[in-house]
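Notes follow the structure.
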Amino acid sequence: MGIQNTDSQKFSRLRQSLVQLSNEIKKLTNPFLSDKPVIKGTVYEIKRKCGKPGCKCAHGELHCRMVVSASEKGKTRLRVIPSGFLIEVQGKVRRYQDLRQARARLVEVHKRILQTMDEMEAMRREEVPKSGKNSSAA
Ligand SMILES: [Zn+2]
């Protein structure tokens, strides 16, 4: 015999979300199964003057460069992305961000799974039946 009436609705809601959360773990694990390279960094554009007199940049038309700010051996370095490599670098950076995002969500999902399990366990807990007034311990 399971949990009674009103509680049984709550219990089945908890059971449902436990199943959903467990399925989500599988999904969140997938990005970590890949061995494609990642870059821990940020891609952005910088605009600057080169300093040559008479250059267009001296009149306000600044030079644009795509750079990646990435950590290498514990130091943050700013590197110009060679032409033709922007898409590749952006992909690696995005892949890294995907990993971090999945990891953060995984922490949240684990927390909620444990909360849900605790709640379900508490709902199922019962006391050892007491013997009735008239019945002697048989
Ligand atoms: Zn210039």
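With label points built 7 Å along Cα→Cβ from the Cα atoms of R94 and K10, find their separation and express it in nm.
So the label points at R94 and K10 sit 4.5 nm apart.
Quick check: net charge around M117, other residues with Cβ under 13 Å of its Cβ, Lys/Arg +1 and Asp/Glu -1?
Details: positive: R15, K111, R112, R124, R125; negative: D118, E119, E121.
Residues close to M117 contribute a combined charge of +2.
What is the local net charge at A58, summed over the other residues whose Cβ is closer than 15 Å to its Cβ (Lys, Arg +1; Asp, Glu -1)?
So the surrounding residues net to +4.
On C-alpha positions alone, give me the angle between the axis of helix 86-124 and the longest principal axis of the chain, in degrees, nearest 10.
10 degrees
Pick from V80, V89, V109: which is most flexible by mean-square fluctuation in a GNM of the chain where alpha carbon atoms under 10 Å apart are linked?
Among V80, V89, V109, the largest mean-square fluctuation in the Gaussian network model of the chain belongs to V80.
How far apart, in nanometres, would the label points at E119 and L86 be if each is projected 7 angstrom from Cα along the Cα-to-Cβ direction?
Roughly 4.8 nm, to one decimal.
If packing is taken as the average count of other Cβ atoms within 10 Å, what order do 124-131, 65-72, 100-107 fall into, highest mean first?
Ranked by mean Cβ neighbours within 10 Å, highest first: 65-72, 100-107, 124-131.
How many percent of the accessible area of the stretch 7-122 is carbon or sulfur, using a 1.4 Å probe?
Answer for the stretch 7-122: carbon and sulfur cover 51 percent of the accessible area.
Helix 5-33: angle to the longest alpha-carbon principal axis of the chain, degrees 0 to 90, nearest 10?
30 degrees
Name the residues whose placed amide hydrogens come within less than 5 Å of the amide hydrogen of I3, ignoring near sequence neighbours (fewer than 5 apart) on the same chain.
none
Over the stretch 7-122, how many percent of alpha carbon pairs lie in each 10 Å bin up to the one with the longest distance?
P(r) for the stretch 7-122, in whole percents per bin: 12, 26, 21, 16, 13, 8, 4, 1.
Which one, P82, L21, T116, projects farthest toward the positive side of the charge dipole computed for the chain from Cβ point charges (K/R +1, D/E -1)?
The residue sitting farthest along the positive end of the dipole is P82.
How much length, in nm to one decimal, is gained on full extension between M66 and Y44, taken as 0.36 nm per residue of separation minus their Cα-Cα distance?
Values: separation 22, 0.36 × 22 = 7.92 nm, distance 0.57 nm.
Net length gain for the segment: 7.4 nm.
Take the cross-link list K26/K92; K52/K73; K36/K73; K47/K92; K27/K92; K73/K111 and give me the ones stretching past 30 Å between alpha-carbons.
Pairs exceeding 30 Å: K52/K73; K73/K111.
The values are calculated or read from the model by the stated rules, or taken from the named source; none is laboratory data. Predicted model, so just to flag it, every value in this text is computed and none were measured. Neighbour counts run over all protein chains shown; Cβ positions are idealised from the backbone, glycine included. These accessible areas exclude ligands, DNA and RNA; they are computed on the full protein's heavy atoms, side chains included. Shrake-Rupley method; radii C 1.70, N 1.55, O 1.52, S 1.80 Å.
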